[in-house]
Amino acid sequence: MITDRSKTCALELDALPSRIGQVRRIVSAQLRYWDLVPLIDPALLGVTELLANVHRHARPNKRCTVEMDFADSRLTVAVRDGDPRLPTARMPDPTATSGRGIAMIAALSEAWGARAEAERGGKVVWFMLRERRPRLRLAEDPPALTAADVLAEPPAPAESPAVPAEPLMVPVESPVGVPLESPLEIPVGAAAAAARQAVTVA
């Protein structure tokens, strides 16, 4: 049975290896629906460990409920079962192949805990993840002008490097009797000398 109200979801199941993969797919789809994609990987890791603990240790049966609740930028994932014995986080033997589940949940989550439920005769183990979305950086406002800034003289424009002016070119007609394909262009300074030469030749 799945219930979905706002951002709360609950799933009841038997914590069997064949069902854990199905629960992982449901949890992933629900977090995508809530637009909490960055929390999918840690949530799946944590819920897998909690269901594995129920499968290994819970008595008298493996019936449990997975609950997810998102509020105030925090996702809380809880697993309830019928065994009142509480788990403890401990440092496992380096050569051990199990016993690291609760320590790993404590490392990946913002907080975790376990409590017995006398009315139901079982316990609930939970962990919390915080949603961390990238913050948008806004452009800073320009500094406010003061009276001194307004009255101050504007800075002098930077001097650009002097560019030598190209010499002014003037067309000079061909001397008499000298055919040219096109008129010549010579600098103004040499125009007078060219003119004198033309007169002399003529």
(request) Could you tell me which of the residues Arg19, Arg80, Arg59 is open to solvent by 30 Å² or more (accessible area, probe 1.4 Å), part of a strand (DSSP E or B) and farther than 14 Å from Leu129 by Cβ? (result) Arg80
(request) Find the residue count for segment 31-56, including only residues that are under 19 Å from Arg132 (Cβ atoms) and either assigned to a helix (DSSP H, G or I) or of a type in the set (Phe, Trp, Tyr) (or both). (result) 13
(message) Between a residue in segment 115-133 that is outside any strand (DSSP E or B) and any residue that is at pLDDT 90 or above, which pairs come within a Cβ distance under 6 Å, given they are 6 or more apart or on different chains?
(response) Glu131/Ser73
(message) Checking Met68 against (1) surrounded by fewer than 16 Cβ atoms within 10 Å (Cβ to Cβ); (2) assigned to a strand (DSSP E or B); (3) not β-branched (Val, Ile, Thr), only one condition comes out false. Which one?
(response) (1)
(message) Suppose we filter segment 28-57 for residues that are free of Cβ contacts under 8 Å to residues at least 24 places away in the same chain, touching a helix residue (DSSP H, G or I) at 6+ places or on another chain (Cβ under 6 Å) and not polar (S, T, N, Q); how many remain?
(response) 2
(message) So Ala10 passes all but one of these: (1) open to solvent by less than 20 Å² (accessible area, probe 1.4 Å); (2) assigned to a strand (DSSP E or B); (3) without any contact (Cβ under 8 Å) to a residue 60 or more places away in the chain. Which condition number does it fail?
(response) (1)
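The values are calculated or read from the model by the stated rules, or taken from the named source; none is laboratory data. As the structure is a computational prediction, the values presented were derived from the model and not from experiment. Glycine gets a Cβ as well: all are built from the backbone with ideal geometry, and neighbour counts include every protein chain shown. Quick note on the areas: whole protein, heavy atoms, side chains included, nothing else; ligands and nucleic acids left out. Shrake-Rupley method; radii C 1.70, N 1.55, O 1.52, S 1.80 Å.
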